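The values are calculated or read from the model by the stated rules, or taken from the named source; none is laboratory data. Fair warning: this is a prediction, and the values are worked out from it, not measured in the lab. We place every Cβ from the backbone using ideal geometry, glycine too, and count neighbours over all the protein chains shown. Please note that ligands, DNA and RNA were not included when accessible areas were found on the heavy atoms of the full protein model with its side chains. Shrake-Rupley method; radii C 1.70, N 1.55, O 1.52, S 1.80 Å.
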Amino acid sequence: MTTAVTPLARTLDQELLALSRGASHECLACGEFVMRLRGVLACPECRALLADGREVPEVVLPQAGTAC
């Protein structure tokens with residue numbers, strides 16, 4: 001009897017694609033929820049940004065732990 005092992009972890013490319021299309025809302029750096037601001041996905045906890053293209057717009061993030 002042979003059993004195929006299925007990988008559970010997704011690749012970084014798969015994670016970025018899921019995040020950019022809205023299938024995931026988890027920051028890749030710290031695991032907190034991200035928010036979409038002016039076309040940029042931003043994490044208020046670790047300040048990570050995911051922007052399309054080379055131009056990153058100015059984004060003011062709220063302080064972590066405060067209500068928006």
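Of all residues in region 36-54, how many are on the phi < 0 side of the Ramachandran plot and either in contact (Cβ under 8 Å) with a residue 12 or more places away in the chain or among the small types (Gly, Ala, Ser) (or both)?
The number of residues fulfilling the criteria is 12.
Going through region 1-33 one residue at a time, which ones are assigned to a loop (DSSP other than H, G, I, E, B), open to solvent by 70 Å² or more (accessible area, probe 1.4 Å), under 25 Å from Pro44 (Cβ atoms) and not hydrophobic (A, V, I, L, M, F, W, C)?
Arg10, His25, Glu32
What are the residue pairs meeting all of these: first residue in region 10-30, first residue among the basic types (Lys, Arg), second residue surrounded by 12 or more Cβ atoms within 10 Å (Cβ to Cβ), Cβ atoms under 8 Å, and 6 or more apart or on different chains?
Sorted first by the residue in region 10-30, then by its partner, the pairs are Arg10/Ala18.
In region 34-46, how many are in a loop (DSSP other than H, G, I, E, B) and open to solvent by 100 Å² or more (accessible area, probe 1.4 Å)?
The qualifying residues number 2.
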